[in-house]
Structure formats: structure tokens, C-alpha cells
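Participant: Structure in C-alpha cells, see below.
Nothing in this text is a laboratory measurement; each read-out follows from the coordinates by a stated rule. Fair warning: this is a prediction, and the values are worked out from it, not measured in the lab. Note: ideal-geometry Cβ built from the backbone for every residue, glycine included; neighbour counts use all protein chains shown.
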Amino acid sequence: MAAKRDIGFSHDRIATALQTLGRPDEARSQFRIRLAVVEDYTATDPTNAVWQIDLVLCLNSLAQIGDEPRERYERILVVLRRLEREGRLTPDQASWITAAERLLTSLPN
């Protein structure tokens, strides 16, 4: 799984570079590829909190660029709230719940 995780991070770095270059459509495509990779390895072990955080970060990247932000933030909240109930978030990560709630409520209906 380490190789898949590395592939996912590679797509994230490419997407970030494309954003910097002002190529949002290509960046979105790379973030979506990363999401598919992350979903693949998180499905093999849904109890792996590190991988679940990878999923949250990937979903956040997509939401931040306007790719289905409502659905992305809702999914982020599901993952983070579950990890919080299980006592598996750092204090900093737990603060992401409030941030995601705020971002979700700020979206137009």
C-alpha cells in the first residue's frame, strides 16, 4: 500500500503545481485521480486512521477548488466525526470538524 499512497501524493503534487500555473481543469483531474487512488487503499483497511486523514485531505483539496464542495464537506464530516468518536484525532485534526462545518454552511444553497 505504500506504493499506492506514494502515487496518490504524486498526483497531489502535480495538481498543486497545475493550480499554481493557473490550469484549474487539469488540477481538478489530478485531484480526482488522487481521490480514486486514496479510496482504493482506504477501502482495504477502513480502520487505518492515517489513511482516513489522507481521504479527508484529498476531499478538502477538491472542495476548495469547487469540485462538488457540498458533497465533499459532508463526506469529510462523516469521516472526521467517526474518527473523533473513536478517539483517533489529534486536537488539531478535531478542530477540522468545526472548520468543515463552517465551510459547509457558507456554501450557497
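Participant: Using helices alone, I'd like the mean residue ellipticity at 222 nm for the chain: each DSSP H run of four-plus residues gives -39500 (n - 2.57), total over residue count, nearest 500.
Facilitator: Helices in the chain give a 222 nm mean residue ellipticity of -27500 deg cm²/dmol.
Participant: Once you place label points 7 Å from the Cα toward the Cβ at D92 and N109, how far apart are they in nm?
Facilitator: 3.7 nm
Participant: Give the average over all directions of the projected area of the C-alpha convex hull of the chain, one decimal, in nm².
Facilitator: On the way: hull surface 27.5 nm².
Computing the convex hull of the Cα atoms and averaging its projections yields 6.9 nm².
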